[in-house]
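The values are calculated or read from the model by the stated rules, or taken from the named source; none is laboratory data. Please read these numbers as outputs of a predicted model, since none were measured by experiment. Cβ placement follows ideal geometry from the backbone for every residue including glycine, while neighbour counts extend to all protein chains displayed. Accessible surface is based on the protein model in full, side chains and every heavy atom, while ligands, DNA and RNA are left aside. Shrake-Rupley method; radii C 1.70, N 1.55, O 1.52, S 1.80 Å.
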Amino acid sequence: MSGTFVGMPAFPEAAREAVGNATLRANLRHATHTIRAKRAKAVAEVSDWAELREAGKRIKDHTLRHLDRYLVQLEEAVTAAGGTVHWAADADEANEIVTQLVKMTGESEVVKVKSMATQEIGLNEALLEAGIRAYETDLAELIVQLGDDRPSHILVPAIHRNRAEIRDIFRQEMSEWGRPAPEGLTDTPAELAEAARLHLREKFLRAKVGVSGANFMVAETGTLVVVESEGNGRMCLTLPETLISVVGIEKIVPTWRDLEVFLQTLPRSSTAERMNPYTSTWTGTTDGDGPQTFHLVLLDNGRTDTLADEVGRQALRCIRCSACLNVCPVYERAGGHAYGSVYPGPIGAILSPQLRGTASEIDASLPYASSLCGACYEVCPVAIDIPEVLVHLRERVVEGGPVVREGNKTVLKPAKGHAAERAAMRAARWAFSHPGALRTGQRLASRTRRLHPRTLPGPGRAWSGTRDLPAVPAEPFRDWWQRTNGGTDEKGTAK
């Protein structure tokens, strides 16, 4: 996976700066609360939501267990329908494939559908180095691109911007990228949308090459699916002569019948809509209709390494709905940029450290970017147990151990800065495996409780600086149980 956002520090440092930005916090609070309320209402309309959620989980787990078979089936179907399939082991290989495909057309610009996979590999930057300019056509992605910014949300990449900031970006930057913003542009949503529409229209009509990702790929037919709300995707997928789609290998589903489940759960979980306004599907090429050349680039970039982890692989179920971001108290306060990845929020905290590894400071810090409240698991439409994976990755950071990286088994060394945590966990493990020592320690703690400090010394200050130390009871639970016969009298009656 490509490197972290340029200049990004570890999550705690980045989050500390973000929390101090009152405008950012206000923007995030308003947006996430609005989206989550709408989602809850949309989900409540479906009487069998729990069954759909379980079905989505099982379909994804089945597909991941048989991913090799379904990928081969997909390649055969796409090829039979007139498309060409390319396999990319990592970001560099994917970028090279796409760059060469665009160069073969003789074009120097492309229009793009919103795509997390192309952001993950840094495709826009790679194309620019080759003299090819990529134009984002999703409204929020356009705002991010014009503002020389980074996306901070999976569904709404410009969620950290308010209307006044967007108006200023359009006024100042649109003319450098194409049609300028209208004179006297205000910050009303209708005017901002119209300015974007006029700016993008000329690019849609001029572009000969389109680049997309895909929400789903159907193995049995070789069909790709993009769901969206604005119509820009439909323009990019139908008008250019050449279409190049870069898709993670985990986005596959076996059959059209499986797709039905996700077309119910994804829109309600993401945009709180009963169905997406635009659901575009394409299967290879058709004479005289749509792009006449289609290339599918299947991206690994750490996904098979993640698949090898029995606990962590459930992150590959993700359908990128962003519901977990909108309920996360940490994301709401820190924003997406603090995660140093195109995948922010709870899902980013478990996906990025697996795709990129935990060698960097920021990736080692991401599993700790959570309160483990469990709200993310409750809203996930494919039942990813994010808290479970977070704890699993924390253990990996602290203890090291065997993992798979680039297809090879290796043993990670424990990350720096966790010596005290390792010592504390090993001491706890020893105490819990020696009942006599545990009982003695509990009694000693109870008898000396009045002497206990209110805050922890040394490295412990990072924990107790924002929390109250729990009070030690007057007697250990074991002693209370023995003294009270488990809270009953001699006859077994509750006291």
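Some points to look at:
- In terms of accessible area, using a 1.4 Å probe and ignoring ligands and nucleic acids, W177, W87 rank largest first as W87, W177.
- Candidate residues R443, R201: accessible-area rank, largest first, probe 1.4 Å: R201, R443
- Take the convex hull of the alpha carbons in the chain; its mean projected area over all directions comes to 28.3 nm².
- Calculated log₁₀ intensity ratio I(q)/I(0) where the Debye formula runs over C-alpha points of segment 181-235, q = 0.13, 0.18, 0.29 Å⁻¹: -0.49, -0.76, -1.15
- Using a probe radius of 1.4 angstrom, the carbon and sulfur fraction of the accessible surface of segment 306-353 is 52%.
- Nearest-10 value in Å² for the accessible area of V391, using the 1.4 Å probe: 80
- By the Stokes-Einstein formula, at 1.002 mPa s and 20 °C, segment 204-339 with its Kirkwood radius over alpha-carbon pairs has D equal to 129 µm²/s.
- Normalised per residue, the volume of the convex hull around the Cα set of segment 434-492 (Å³): 115
- Annotation: L444 carries an accessible surface of approximately 110 Å², with a 1.4 Å probe and no ligand, DNA or RNA atoms counted.
- In this structure the chain gives 49 Å² per residue of accessible area when probed at 1.4 Å with all protein chains present.
- Cα shape, segment 214-293, gyration tensor, a/c 1.5 rule: oblate
- Convex hull per residue volume in Å³, alpha carbons only, for segment 1-91: 223
- Label separation (A190 vs A44): 3.1 nm, computed from points 7 Å beyond Cα along the C-beta direction.
- Taking the 1.4 Å solvent-accessible surface of segment 158-206 as the whole, the part contributed by carbon and sulfur is 48%.
- Shape of segment 342-403, Cα gyration tensor, a/c cut at 1.5: prolate
- Here segment 70-184 is treated as an ellipsoid with the same Cα gyration tensor; its semi-axes, largest first and in whole Å, are 31, 17, 13.
- For segment 238-270 versus segment 329-404, the inter-centroid distance based on Cα atoms is 25 Å.
- Within the chain, C236, C318, C321, C328, C373, C380 have no other Cys Cβ under 4.7 Å of their Cβ and so lack a disulfide-compatible partner by this rule.
- In this structure, the amide hydrogen of I159, modeled 1.01 Å from its nitrogen in the peptide plane, lies closer than 5 angstrom to those of S152, H153, counting only residues at least 5 positions away or on a different chain.
- Working note: 222 nm ellipticity from helices only, DSSP H runs with n ≥ 4, each -39,500 (n - 2.57), summed and divided by the residues of the chain, gives -15000 deg cm²/dmol to the nearest 500.
- Residues M275 and Q172, FRET efficiency given R0 of 30 Å [Cβ-Cβ distance, rounded to 0.05]: 0.20
- At least 27 Å along the helix axis (C-alpha) and Kyte average at least -0.5, DSSP helices within the chain: 22-44
- Within segment 37-83, the ratio Rg/Rh, alpha carbon atoms throughout and Rh by Kirkwood, equals 1.25.
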